[in-house]
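First up is the structure itself, then whatever we jot down about it.
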Amino acid sequence: MSNKEVKAALKSARDAIRNKEYKEALKHCKAVLKQEKNNYNAWVFIGLAAAELEQPDQAKGAYKKAIELEPNQLLAWQGLANLYEKPNQIDVKGDLADVYKKLLELYESGDKQKWCDVCNKLVELYHQEKKYVEVAETWQKLIRMKEEEGVEKAELHQLWKKMIHLLKDSTKNQDNKTGQLLLTAFIHALHSAETVPGEDHQNLYKEFIQCLSKFPHEVGRLEKACDDMMALYPTVSYPLEVLCLHFIQSGTLSEKALHCFSKLLEMDANSGPGIIGFGIKCLKENKYKEAVQNLTEGLQKTNQCPAAWHYLAEAQMKIHEHRNAVLSCNQVLEALGTPEGPNLRWKNLALQLKAESLIKIADADAAEEAIKALEQIVDGNSDPVVSALRGQAYLNKGLVDQASKISQELLLSHPDLAEAHALEGFIHYSQKSYEQAEKSFLNAIERKAGTAEYHQYLGLTYWFMSDETKKDKGKALTQFLKAAKLDSYLGSAFCYLGNYYRDIAGDKSRARGCYKKAFELDETDEESGTAAVSLSVELGDMDTALSILNEVTEKARPGTAKWAWLHRGLYYLRTGQPSQAVSDLQAALRADPKDSNCWESLGEAYFNRGSYSTALKSFRKASELNPGLVYSIYRAAALEQILGKYENAIATYQQILKKTENYVPALKG
């Protein structure tokens, strides 16, 4: 075949391809290759025809042969790109990326538009593969190309914005290089914005700040960006909110942080981060109830803030709301998920605080949960304070041997640790070894004198040690006073002071004041509530007694606060108000249906109201629950007599006289 015939055959192949006669084209190409086996165009046409005939392997081989012959010719590379772009081609994305890179190289000095088209395709391919560094570097080449062409500022701005869009998901990977490329795109986009200040620029700034807040190592840039945005947009609260959340999450309470909290609340009194910031300030100033109130309110508006939940738990612990503190710690742990870096610190703190709260609840189930929480603390085994907490949890669970083992190990390895001596004291106290407990608590106080709990337990140790130490003002009383002074929310310390003033000093008025204070601090403390009411009655101060009882019964859920309903019911009974007495005594029985004395009092209230049949049922119920209640049996007999049931009455009177021969009311009946 002559040279002329080769050209004619190639022309025929080209025409056949144009007419979609692909098999015919292949014949012409094969004829050429018999004559010239290294004919570039023939191999390219075979690739084209084979691709159209759904013969991808043959097409790929032909294109690669052509590339081998002429590596810097466009046609074969374009054909290979078209082949790999077909939807039926799988596992070729890596090869396609290499083809695009070669095409960029070939187009660079020639067709700029085609270069840009291929560049866009390559970026899209990298984006699908989540190869964000390659996305960024390739897109930057496109931007440089456009800059060299002298593109308009507006188009450049859009290109930088597109780069931000392409990289925005990369922050999940926390890849430093990609992160820096993304931040660079933001800075260029902000600088190339046409209208400053303006809505587009403002929204872009918000996105930039939001992006910076995801990078823990970019604290300086975050603060600067927030300051710069505040200067440009002084009425927009967003940068301040981000800055406040940053200070909250970092645990920083600097002058700048306090200034930001105040400024944000001035701009928006309902701002969640601002209210949370104020709550943290209250916590640091020992205004614990105010702290709980503000942190709770702030978290209702901004609940995805683990550090704020931790501060709330801390404040709740300070006012001894231990169950609420556990719930807040759970919120921290839920919000953090599986943390790394700075958030790991918050997780460890939350787990320790949760364990402390559960230990204060002091039942076996809570102790088990506390042990589980402590096990999750990273490097917790090497922390002696965590070990001491574990010892307390074991003790609460009744595992004295395990607690003692931890105590002994800690005293050997950390003899100056207050918590080690306190744990030893708790163990001795639980075993009623009061003299040893006294030594341990004194050692703990020597090392950490500001812990109210140590003074309280030392006071209790003296209280139970002997009558002498109980009565000695310098012993139990002094320690209870110190505990109450160190922790003004420690209700139990005030309860013990009440016990001292009532039982030892005989000062009813002062005792009543202590019990009242204890009950105000902890409304679940029935002992203090009952004592405050009883002493108020003894002191003739019914107003105080009733105010306490009214407050409790108003808040009480059905089936709770028996002691308050019972006390108020008995008061109404004594003061001739039987209908009110019936209502309150019924409420007391809903809390404890098996209280025979309560049934007897209810019977008396019904009797005084004139409801004899119901009174009879109540007295019978009381005597069923407690056959030794002679008065209830007598009242039942008397009511049977009043109701004309004489035979029953006689039988009941005789029943009483069998047990108590000289029971005058029964003889009289």
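The values are calculated or read from the model by the stated rules, or taken from the named source; none is laboratory data. Just so it is clear, the structure is predicted and the values come from calculations on it, not from any experiment. Please note: Cβ atoms are built from the backbone with ideal geometry, for glycine as well, and neighbour counts cover all protein chains shown. The accessibility values were calculated without ligands, DNA or RNA, using every heavy atom of the protein model including side chains. Shrake-Rupley method; radii C 1.70, N 1.55, O 1.52, S 1.80 Å.
Here is the figure for the stretch 289-325: residues that are open to solvent by 10 Å² or more (accessible area, probe 1.4 Å), over 20 Å from Tyr238 (Cα atoms) and either hydrophobic (A, V, I, L, M, F, W, C) or in contact (Cβ under 8 Å) with a residue 24 or more places away in the chain (or both) total 14.
Looking at the stretch 613-633, can you tell me whether even one residue there is surrounded by fewer than 20 Cβ atoms within 10 Å (Cβ to Cβ), of a type in the set (Phe, Trp, Tyr), more than 54 Å from the chain's Cα centre (by Cα) and at pLDDT below 70? Scanning the stretch 613-633, I find no residue that is surrounded by fewer than 20 Cβ atoms within 10 Å (Cβ to Cβ), of a type in the set (Phe, Trp, Tyr), more than 54 Å from the chain's Cα centre (by Cα) and at pLDDT below 70, so the answer is no. Give the stretch 392-407 a look and list any residue that's in a helix (DSSP H, G or I) and in contact with a helix residue (DSSP H, G or I) (Cβ under 8 Å, 6 or more places away or on another chain), or say none. Result: Gln392, Ala393, Tyr394, Leu395, Asn396, Val400, Gln402, Ala403, Ser404, Ile406, Ser407.
One residue stands out in the stretch 235-288 among those that are basic (Lys, Arg), farther than 23 Å from Gln202 by Cβ and not in a loop (DSSP other than H, G, I, E, B): the one that is farthest from the chain's Cα centre (by Cα), namely Lys256. Set side by side, the residues Ala367, Ala388 differ, and just one is hydrophobic (A, V, I, L, M, F, W, C), modelled with pLDDT of 95 or more and under 28 Å from Ile319 (Cβ atoms), which is Ala388. One residue stands out in the stretch 97-113 among those that are open to solvent by 90 Å² or more (accessible area, probe 1.4 Å) and either small (Gly, Ala, Ser) or assigned to a helix (DSSP H, G or I) (or both): the one that is nearest to Gly79 (Cα to Cα), namely Lys101.
A quick yes/no check of all residues on (1) more than 25 Å from Asn443 (Cβ to Cβ); (2) among the aliphatic types (A, V, I, L, M); (3) open to solvent by less than 40 Å² (accessible area, probe 1.4 Å):
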position	(1), (2), (3)
Lys485	no, no, no
Lys508	yes, no, no
Ala511	yes, yes, yes
Leu549	yes, yes, yes
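When Lys177, Lys131 are screened for being open to solvent by 70 Å² or more (accessible area, probe 1.4 Å), closer than 30 Å to Leu336 by Cα and at pLDDT below 85, only Lys177 passes.
Suppose we filter the stretch 411-438 for residues that are over 22 Å from Ser492 (Cα atoms), without any contact (Cβ under 8 Å) to a residue 24 or more places away in the chain and assigned to a helix (DSSP H, G or I); how many remain? Residues meeting the conditions: 3. Evaluation of Glu194 against the conditions (1) part of a helix (DSSP H, G or I); (2) over 28 Å from Leu264 (Cα atoms) shows that the sole unmet condition is (1).
The residue that is farthest from Leu48 (Cα to Cα), among those in the stretch 2-25 that are in a helix (DSSP H, G or I) and hydroxyl-bearing (Ser, Thr, Tyr), is Ser12.
Looking only at the stretch 525-542, which residues are in a helix (DSSP H, G or I) and either aliphatic (A, V, I, L, M) or open to solvent by less than 60 Å² (accessible area, probe 1.4 Å) (or both)?
Start the filter on the stretch 525-542 by keeping residues that are in a helix (DSSP H, G or I), which leaves 526-538, 542.
Within the stretch 525-542, Ser528, Gly529, Thr530, Ala531, Ala532, Val533, Ser534, Leu535, Ser536, Val537, Met542 meet the criteria.
The set of residues in the stretch 26-42 that are part of a loop (DSSP other than H, G, I, E, B) and either open to solvent by 90 Å² or more (accessible area, probe 1.4 Å) or of a type outside the set (D, E, K, R) (or both) comprises Lys37, Asn38, Asn39.
Each row is one residue, and each column tells you yes or no for (1) modelled with pLDDT of 85 or more; (2) within 21 Å of Lys621 (Cα to Cα); (3) small (Gly, Ala, Ser).
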site: Lys555; (1), (2), (3): no, no, no
site: Ala561; (1), (2), (3): no, no, yes
site: Gly569; (1), (2), (3): yes, yes, yes
site: Leu573; (1), (2), (3): no, yes, no
site: Leu589; (1), (2), (3): yes, yes, no
site: Asp592; (1), (2), (3): yes, yes, no
site: Ser596; (1), (2), (3): yes, yes, yes
site: Trp599; (1), (2), (3): yes, yes, no
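Selection of the stretch 340-369 for residues being over 28 Å from Gln402 (Cβ atoms) and open to solvent by less than 20 Å² (accessible area, probe 1.4 Å) yields only Trp346. Of Phe278, Phe261, all but one fail to be open to solvent by less than 50 Å² (accessible area, probe 1.4 Å) and aromatic (Phe, Trp, Tyr); the exception is Phe261. Checking each residue in the stretch 70-87 for being loosely packed, with under 15 Cβ neighbours inside 10 Å and farther than 17 Å from Ala49 by Cβ picks out Pro71, Asn72, Glu85, Pro87. Figure legend. Inter-residue proximity from the stretch 259-288: first residues over 23 Å from Ala313 (Cβ atoms), second residues open to solvent by 10 Å² or more (accessible area, probe 1.4 Å) and not β-branched (Val, Ile, Thr), beta-carbon distance below 6 Å, spacing 6+ or different chains. Indicated pairs: Met267/Ser237; Asp268/Ser237.
Here the helices (runs of 4 or more DSSP H) wholly within the stretch 309-391 that include at least 1 residues being within 30 Å of Leu412 (Cβ to Cβ) and in contact with a Cys (Cβ under 7 Å, 6 or more places away or on another chain) are 342-361. Please go through the stretch 49-69 and pick out each residue that is closer than 14 Å to Lys27 by Cβ and crowded, with 17+ Cβ neighbours inside 10 Å. Within the stretch 49-69, Ala49, Ala50 meet the criteria.
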